[in-house]
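Colleague: One structure follows; several queries about it will come next.
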Amino acid sequence: MRVDKVQIRERYLLELTFNDGISGAVDLGDLAGQGVFSSWLQPGAFEDVSIGSGGEVVWACGVDLCADALYLRLTGKKPEAIFPALAAEETIA
């Protein structure tokens, strides 16, 4: 999974498009101010976002989020829905 496009819609809200064509808004407000995400509280820090070489979302302040986690947030899917091997491991255990 890769992010192909990222745009800021408003404070802590990203508009994302993934390489499978799925797109929509992801609210990251619940992360702001928590641990490494406290850097987003600095003026302009959240808005300084781009796509990393692996398709992840990165900020100049050093924070990054993997595309898979963002995809799960956007779609509401469970990890085993996009990683079939996880479902197979559950049945074995």
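Colleague: Restricted to the range 55-87, and to residues that are exposed (fewer than 11 other Cβ atoms within 10 Å of the Cβ) and modelled with pLDDT under 85, which residue is nearest to Gly21 (Cα to Cα)? Walk me through it before giving the result.
Modeller: Step one: filter the range 55-87 for residues exposed (fewer than 11 other Cβ atoms within 10 Å of the Cβ), giving 62, 76, 84-85.
Next cut, modelled with pLDDT under 85 only: 84-85.
Numbers: Pro84: 20, Ala85: 23 Å.
Among those that are exposed (fewer than 11 other Cβ atoms within 10 Å of the Cβ) and modelled with pLDDT under 85, it is Pro84.
Colleague: Can you name the residue in the range 22-54 that is buried (at least 16 other Cβ atoms within 10 Å of the Cβ) and in contact with a strand residue (DSSP E or B) (Cβ under 8 Å, 6 or more places away or on another chain) and, of all such residues, is farthest from Val3 (Cα to Cα)?
Modeller: Per the criteria, the residue is Ser39.
Colleague: Name every residue in the range 1-46 that is without any contact (Cβ under 8 Å) to a residue 24 or more places away in the chain and over 30 Å from Pro84 (Cα atoms), in order of residue number.
Modeller: Arg9, Glu10, Ala32, Gly33, Gln34, Gly35, Ser38, Leu41, Gln42, Pro43, Gly44, Ala45
Colleague: Being over 10 Å from the mean Cα position of the chain (by Cα) and in a strand (DSSP E or B) is the filter here; which residues of the range 55-80 pass it?
Modeller: Selection gives Trp59 alone.
The values are calculated or read from the model by the stated rules, or taken from the named source; none is laboratory data. These numbers were taken from a predicted model, which means no experiment stands behind them. Cβ sites come from the backbone with ideal geometry, for glycine too, and all protein chains shown count toward neighbours.
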